[in-house]
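The values are calculated or read from the model by the stated rules, or taken from the named source; none is laboratory data. What you see is a predicted model, and the numbers here were worked out from it, not measured in a lab. Cβ placement follows ideal geometry from the backbone for every residue including glycine, while neighbour counts extend to all protein chains displayed. In case anyone asks, the SASA skips ligands and DNA or RNA and just uses the protein heavy atoms, side chains included. Shrake-Rupley method; radii C 1.70, N 1.55, O 1.52, S 1.80 Å.
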Amino acid sequence: MAKIGARVKLKNRTIAIMLIIIFLGFGLVFARLFWLQVVQAEDLQSRAVEQQLKDSTVSAKRGSIYDKNGNVLAQSVTVWDVVLAPAEFRDASDEKRRKVADGLASILGLNSDEIFNDSHDDESYYVLLKKKVDADVRDELLKFIDKIYEEDDISGVIQLQETYKRYYTHDNFAGDVLGFVGNDNQGLSGIEVQYDEELKGNAGRVVIAKDAYNNPLPYQFEQKVEATDGYNLVLTIDENIQAVMEKYVRETIKEFKVANRGCAIMMNVKTGAILGFACEESFNPNEPFKVHSAAKLKEIEALPEDKQDAAYSKALQEQWRNKGVNDTYVPGSVFKMITASAVLSENKVDINKKAFQCDGSWVPYEGASAIPCWDYSGHGSQTIGEALCNSCNPAFMQMGTMLGREKFYDYFVAFGFAEETGIDLPGESSSIFFQEEGQPAGMGLMDLAVASFGQNFKITPIQMVTACSAIANGGKLMKPFVVSQITDNNGNVVKYTEPTVKRQVISKNVASQICSMLETNAKSGGATNGYVAGYRIGGKTGTSQKIVDEDGKLTSDYIASFCGIAPCEDPEIALLCYFDTPDPEINYYGSAVAGPCFRNIMTEVLPYLGIEKVYSDEEISLLDTTVGTYDNTDVEAAKKAVEKDGLKAEVVGKGKVVLAQNPAAYSTIPKGGTVVLYTDTESQKQKVKVPDFRNCSVSDVNYLAAQNNLNVCIVGSSIGEAQTYAKSQNILPNTEVAPYTVITVVFNQDNSIM
Ligand SMILES: [Zn+2]
């Protein structure tokens, strides 16, 4: 044990600091596990050593974790602990001891002198040299054991004890859901700790009697109890959906220099099953004790040396938090879907009446100061649907006033914001609202006004996506879950998670009215960045001010989020994307930061889920088509074929036969685009320059493309939306390309909608 003493000491110091932080932040589950894992580890270990002299444990194999489709996400692989039994070596010469020590040191990468010293501990049968070596090292050791037996008649002094190591199939994947295990394969976070009892199995034992000299009598008096392997878990998470979500959350964090991580949660609205849960800037389950973020590591290295340990521990603790469950946030305008649901349910407003007025600000009660709308020019008179699309703060304050504090709070409770969702992940946070338990006593009229548009209180992201799912699910609030089945090693289902309906929150009718408003919002309101052509998407943006940071100081930091559902005709999934503190120099609005992330995820996931596209007539007129094969054809016949494909032909050169074409056969091109048909080799050398499309409107992009003999493929945002601008193009400005090459231009709505 001496050889690892120094490192254990350093580690224990780090851990002690970590523990303090954990006690403050995480709660008891983590703290207890850490206590067992690290602080008491040495003590437990030495007790184990004493026992193992006569009673050795046989490790149980920890169960595997599978995704929804049976792909392995976590499993236990066999490894070996290398143990020295000096008592087997009592009469050996120093020369033999040295030979064994040198051999072991070279295979295990340890200090030979220390092993040599250990070998003189004549009473001991158990000196742990190295934990969890893999099969390659074991094979080397077995060869060495054979060698010293043949050459020097040494046996029994080196022992290999079979045990297991946790291995996660993908690095840096789904860490916040899966969690990780400690040195003894005990669950420490995520599913691994939540389902530790089910996963861990029961260790077996071998009891061996000893003679008067403490020598084992293995064959006469051996008793063996086989280990029982742990159960397996089947998750609701789909590996492919998870990968798509992680990709776009990471991209968004990078693009908007998001300071404090980002998260996306996708739920099956009908069952509450979580299909993907992507919190990025997280940890690698295969290396959880390493700070994952390169930027964070740099920050830590720049600190004075005596501050580094604490900073490292703090960074670890931060990266282990599941941002969607362990943390709360101010939901901002996304919450307006809840306020609107409450007002409609209470029959406070006629859906067709322009019942709300915005002159740019509103005074919520006599004597109060005016609270501005995000649009100072005002939205005029609006129906409830228009108010949602405008994300108009005065309209929502008026709704809050119509409801009153009690009713507002009733719906807050009904939608599940006053309780934990009960998701099967550890450390779920409670929301932070104004009142003491059970009544809105502490909630003032100003609180009501700002709460109506989602400010000044905090909920968890999992609560928000669960409430949004209830709207999509005809008003039924489901309990979210991530484990769908527990199975044994023979594939028998030991336990199956039945979807749980918590309650009917709003009527089916009101739910469908809100869905339709959300759809309008994504099609032509403030949420068009979440729009996906061919699908009926509903969504709401949110841009909330963080107000105070952890130390209670005022900040101007924002949370940009987007929460929506699809497909609106019969919603199946809800998705919340949120980003904590994007760089305001780039953009901090939910529509601009989180909207495209939502759209990109939905664009890939909806077809994957087999949800069919249904295009509107307007969309059909703008659909892309596939270019045919026109070369090696007579010019006139080729022209006809191009036109038949709904495209225009541009013949270049003086030949009679088409030698080449651009765009190439099978490429995608917007309907009505142009194909160049080359009839000689000289004309194929022609090039055109790609203009800078960025920041242009749709019509300007089309005009520029026509002027420069190019095809453009427009991606993103609602078709025909006037308030959009080109954000990026796939071929850089000034690049020389063949005429009528297809340039993909990505559009985003140029809005500052909260
Ligand atoms: Zn307004």
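Quick notes on this structure:
- Solvent-accessible surface (1.4 Å probe) assigned to Ser155 amounts to roughly 70 Å².
- Phi angles of segment 401-418 translate, via the Karplus equation with coefficients 6.51, -1.76, 1.60 and θ = phi - 60°, into HN-Hα couplings of 5, 4, 6, x, 4, 4, 5, 4, 5, 4, 6, 4, 5, 4, 6, x, 7, 9 Hz per residue; Gly and Pro are given as x.
- Separation of segment 457-517 from segment 368-414 is 27 Å, based on Cα centroids.
- Approximating the spin labels as points 7 Å out from Cα along Cα→Cβ, the Leu732-to-Asn489 distance works out to 5.8 nm.
- Solvent-accessible surface of segment 570-711, averaged per residue with a 1.4 angstrom probe and all protein chains in place: 50 square angstrom.
- What segment 89-134 shows is 50 Å² of accessible area per residue, with the surface traced by a 1.4 Å probe over protein heavy atoms.
- Straightening the chain between Asp624 and Glu366 buys 87.2 nm, computed as 0.36 nm per residue apart minus the Cα-Cα spacing.
- Efficiency of FRET from Cβ geometry, Thr744 and Lys254, R₀ 22 Å, rounded to 0.05: 0.65
- Sequence of His120, His379 when ordered by accessible area, the most exposed leading, probe 1.4 angstrom: His120, His379
- Summing Cβ point charges (Lys, Arg +1; Asp, Glu -1) relative to the Cα centre of segment 623-680 gives a dipole of roughly 120 debye.
- Accessible surface of Glu197, taken over heavy atoms with a 1.4 Å probe and every protein chain present, rounds to 130 Å².
- The label-point distance for Lys687 and Val206, in a model that sets each label 7 Å from Cα toward Cβ, rounds to 7.3 nm.
- Packing, as the average of other Cβ atoms within 10 Å across residues, places the peptides 538-546, 169-177 in the order 538-546, 169-177, highest first.
- When each of the peptides 254-261, 424-431 is scored by the mean number of other C-beta atoms lying within 10 Å of its residues, the order from highest to lowest reads 424-431, 254-261.
- Spatial separation of Cα centroids for segment 235-280 and segment 299-330, in angstrom: 21
- Of the listed residues Lys685, Lys61, Lys336, the order by accessible area with a 1.4 Å probe, largest first, is Lys685, Lys61, Lys336.
- Charge context of His379, other residues only, Cβ under 12 angstrom, K/R +1, D/E -1: -2
- Label positions at Ile586 and Asn352, each projected 7 Å from the Cα along the C-beta direction, are separated by 4.7 nm.
- Within the accessible area of the chain (1.4 Å probe), percent carbon and sulfur: 48
- Close amide H contacts of Ile237 (hydrogens built in the peptide plane, cut-off under 5 Å, sequence separation of 5 or more or a different chain): Lys68.
- Length-normalised contact order for the chain - Cα pairs under 8 Å, 6+ apart - percent: 11
- Net charge, Met402 excluded, C-beta distance under 10 Å - Lys, Arg +1, Asp, Glu -1: +1
- With 28 Å as the limit, the listed pairs Lys68/Lys546; Lys130/Lys298; Lys407/Lys546; Lys502/Lys523; Lys270/Lys671 have Lys68/Lys546; Lys130/Lys298; Lys502/Lys523; Lys270/Lys671 beyond it between alpha carbons.
- Potential lengthening between Leu142 and Asp359 on full extension [0.36 nm per residue; Cα-Cα distance subtracted]: 69.8 nm
- Full extension of the chain between Glu406 and Ser524 gives 39.1 nm of extra length, using 0.36 nm per residue less the Cα-Cα distance.
- Net charge dipole size for the chain [Lys, Arg +1 and Asp, Glu -1 on Cβ; Debye, nearest 20]: 1660
- Amide H contacts of Phe481 (H built 1.01 Å from N, under 5 Å, at least 5 apart or other chain): Ala273, Ile274
- Of the residues Thr339, Thr500, the one with the largest accessible area comes first in the ranking Thr500, Thr339, computed with a 1.4 Å probe on protein heavy atoms.
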